[in-house]
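Worksheet for the structure shown next.
The values are calculated or read from the model by the stated rules, or taken from the named source; none is laboratory data. What you see is a predicted model, and the numbers here were worked out from it, not measured in a lab. A quick note on method: Cβ atoms are made from the backbone with ideal geometry, for glycine too, and the neighbour counts reach across all protein chains shown. Quick note on the areas: whole protein, heavy atoms, side chains included, nothing else; ligands and nucleic acids left out. Shrake-Rupley method; radii C 1.70, N 1.55, O 1.52, S 1.80 Å.
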Amino acid sequence: MNNLDTNRIPQHIAIIMDGNGRWALEQGKPRSFGHQAGVDTVRRITSECTRLGVKFLTLYTFSTENWNRPMDEIASLMSLVLSSLEDEIFMKNNVRFRVVGEIERLPKDVQEKLQETMDHTAGNTTMQMVVALSYSSRWEITRATRLIAEEVKEGKIRPEDIDEEMISQHLVTNFMPDPDLLIRTGAEVRVSNYMLWQIAYSELYFCDTYWPNFMEEDLHEAIRVYQSRQRRFGKTEAQVEDENE
């Protein structure tokens, strides 16, 4: 913490929580054991993000492609979603809970629990924790394209009115800013169809640590690296320095 600039904490951190299954298998345990351990990490990191002043924490929990996994693992993950939606973590930290993704594909009891948690935490204001569940960026962009096409067809907008802002407003993430920092754990170096539109200028941080082992100090290190970089958004270094003077 002594190495962090508290005035430059990223307002939106997105995380690809990778390595749960491999962490468990290396201990000779089923993959579901790793997912359960990963929930404990979610609680720790959520609490630490609220303490640091992060405003949005988006967690890649279950991708559209994950529906191709063995059915017993999917069932275990869905059960874990139900059991992990405890009010304590949200109410204790004044965190609003939200979900983005193809929610209609989830089991009815999971859908109902998600909605119940969203309704109960709607008044919380310190941070929004957004879970990407049954989500993929290609699905999201395809959905946005269809919505815009329908509005063109109905005469509500003209094709020449379509710009980046309009596309962003038709995404399921339109209620929050783009991520400042994207973290991926688990030693893989790819973004796996996660918020492809939104991370155009995000700072990317990859680490070897499996998600169950990702601690507060690992989060601090990711933020420290983020703060060591100059975000230029297409401008030159000199231009950015002049703007900051």
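On a C-alpha basis, how far is the centre of the stretch 166-198 from the centre of the stretch 1-51 in Å? Whole number, if you could? Computed from Cα coordinates, the inter-centre distance equals 17 Å. Put a dot 7 Å past the Cα of Lys156, heading toward its Cβ, do the same for Glu104, and the two dots end up 1.6 nm apart. Per-residue extension of 0.36 nm, minus the Cα-Cα distance of Ala187 and Ser228, leaves a gain of 12.6 nm for this segment.
Taking amide H atoms as placed 1.01 Å from N in the peptide plane, the amide H of Val131 lies under 5 Å from those of Leu59, Arg98, Val99, Val100, each 5 or more residues away in sequence or on another chain.
Across the stretch 50-62, computed HN-Hα scalar couplings (Karplus, 6.51 cos²θ - 1.76 cosθ + 1.60, θ = phi - 60°) run 5, 5, 6, x, 5, 9, 9, 10, 10, 10, 7, 9, 7 Hz from first to last residue, x flagging Gly and Pro. Taking the Cα atoms of the stretch 1-54, the ratio Rg/Rh between the radius of gyration and the Kirkwood radius comes to 1.13. For the chain, the Cα-based Rg and Dmax, in that order, read 18.9, 59 Å.
To put it simply, the accessible area of the chain at a 1.4 Å probe is 48 percent carbon and sulfur.
Residues whose amide H lies under 5 Å from that of Arg184, counting only those 5 or more places away or on a different chain, are Ile16, Tyr205, Phe206, Cys207; hydrogens are built 1.01 Å from N in the peptide plane. When you filter the GluC sites (Glu not before Pro) in the stretch 45-103 for DSSP loop state and at most 12 other Cβ atoms inside 10 Å of their Cβ, you are left with Glu86.
Taking all protein chains into account, the per residue accessible area for the chain stands at 52 Å² (1.4 Å probe). Below 18 Å, Cα to Cα, which lysines can Lys92 reach? Residues fewer than 8 away in the same chain don't count. Correct list for Lys92: Lys55.
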